[in-house]
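Single-structure report; data block below.
Where a number appears in this text, it was derived from the coordinates with a stated rule and is not lab data. Computed from a prediction, not measured in an experiment: that's the story for all the values here. Heads up, the Cβs are rebuilt from the backbone with ideal geometry, glycines too, and the neighbour counts pull from every protein chain shown.
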Amino acid sequence: MTTEMQQYLPDEAFDLDVEAADWREAIRLSGDRLVAAGFTTEAYTQAMIETVEKMGPYIVIAPGLALAHSRPSEAVLNTGLSWVRLSTPVEFGNKDNDPVSLVIGLAGRNEEEHVHVMSAIAGALSSAEKRKKLEEAPTAAAIRTILEA
Amino acid sequence: MDILCVCGNGIGTSVLLKANVEQVASQLDMDVNVSTADIGTAPGTAVTQDLVLTSAQLAPELEGVSTPVRVVHNFMDLNEIQQVLEDAE
């Protein structure tokens with residue numbers, strides 16, 4: 001049985017403990033995972049980078065956490081997320097919340113479909129204890145288990 | 001209280017913020033109705049709201065909106081969100 005969490009965050013959507021040279025590469029890695037999971041085309045990855053170029057690093061919404069995303073468009077094939085954990089944190093230019101060690105990529109077909117899974121993620125990341133567990137979790141399955149708890 | 005969470009595209013960070021605002025409000029036993037908007041439509045939508053929440057980077061784009069605009073620096077910090085809600089009451 002595929003759970004909702006597996007549907008939106010399948011194994012292909014994870015890249016754990018990888019290096020990125022800068023914020024653009026960090027977003028590109030999260031976009032690559034969205035493509036690999038069948039959620040987006042490569043055009044969406046470029047759109048996510050352009051969102052930061054146009055609107056600034058507001059996507060760094062909490063210390064160490066960037067939510068890379070763009071608008072619903074033809075480049076979004078299915079709603080889903082990706083999870084890129086960086087071995088070396090990178091600067092996005094956000095003075096409150098730099099440097100970033102976790103990039104969550106989000107592709108949404110609309111404003112509604114991903115709300116439930118986003119609530120689960122918000123619940124987990126707002127808990128210091130769960131946040132620490134997520135930093136140390138060895139596998140995609142372990143991360144999903146923490147998010148679902 | 002009607003609260004509008006604003007982000008660049010209206011589907012990402014504002015949705016996460018809405019989830020945490022609803023969680024804090026329920027802990028405080030506050031009656032809130034939370035919606036989301038992108039920065040383009042937010043000034044129009046804000047008129048009917050009691051409070052607008054957004055990030056430090058986007059707040060300057062909401063200058064001139066008559067509804068109180070409050071910045072949340074850490075969208076995952078429930079204590080910060082609680083402080084903002086209590087100040088707004």
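Of all residues in the range A:25-65, which are outside any helix (DSSP H, G or I) and touching a Phe, Trp or Tyr at 6+ places or on another chain (Cβ under 6 Å)?
A:60, A:61, A:62
Taking the criterion of being of a type in the set (A, V, I, L, M, F, W, C) and at the interface with another protein chain (Cβ under 7 Å from one of its Cβ atoms), the residues of the range A:51-64 that qualify are A:55, A:59, A:61, A:62. Look at residue B:48 and say whether it is under 23 Å from residue A:53 (Cβ atoms), touching a residue at least 12 places away in the same chain (Cβ under 8 Å) and among the polar types (S, T, N, Q). No. Close Cβ contacts (under 6 Å, 6 or more residues apart or on different chains) running from residues in the range B:61-85 that are farther than 10 Å from residue B:20 by Cα to residues that are in a loop (DSSP other than H, G, I, E, B) and of a type in the set (D, E, K, R) comprise B:73/A:96. Of the residues making up the range A:114-146, those that are within 13 Å of chain B (Cβ to nearest Cβ) and within 16 Å of the chain's Cα centre (by Cα) number 15. Taken over the range B:63-79, the criterion of being more than 10 Å from every other protein chain (Cβ to nearest Cβ) and either within 19 Å of residue A:60 (Cα to Cα) or not hydrophobic (A, V, I, L, M, F, W, C) (or both) is satisfied by B:63, B:64, B:66, B:67, B:68, B:70. Checking the stated criteria, residue A:76 turns out to be β-branched (Val, Ile, Thr), without any contact (Cβ under 8 Å) to a residue 40 or more places away in the chain and surrounded by 17 or more Cβ atoms within 10 Å (Cβ to Cβ). Counting residues in the range A:126-144 that are within 26 Å of residue B:6 (Cα to Cα) and either of a type in the set (Ser, Thr, Tyr) or buried (at least 23 other Cβ atoms within 10 Å of the Cβ) (or both) gives one or more. Every condition in (1) of a type in the set (A, V, I, L, M, F, W, C); (2) more than 30 Å from residue B:59 (Cβ to Cβ); (3) part of a helix (DSSP H, G or I) holds for residue A:16 except the one numbered (3). Consider the range A:92-104 and keep the residues that are more than 10 Å from chain B (Cβ to nearest Cβ) and either closer than 27 Å to residue A:73 by Cβ or without any contact (Cβ under 8 Å) to a residue 24 or more places away in the chain (or both). The one that is farthest from the chain's Cα centre (by Cα) is A:92. Residues in the range A:81-136 that are within 20 Å of residue B:74 (Cβ to Cβ) and part of a helix (DSSP H, G or I): 16 in all.
The residue that is nearest to the other protein chains (Cβ to nearest Cβ), counting only those in the range B:29-60 that are surrounded by 14 or more Cβ atoms within 10 Å (Cβ to Cβ) and closer than 15 Å to residue B:86 by Cα, is B:53.
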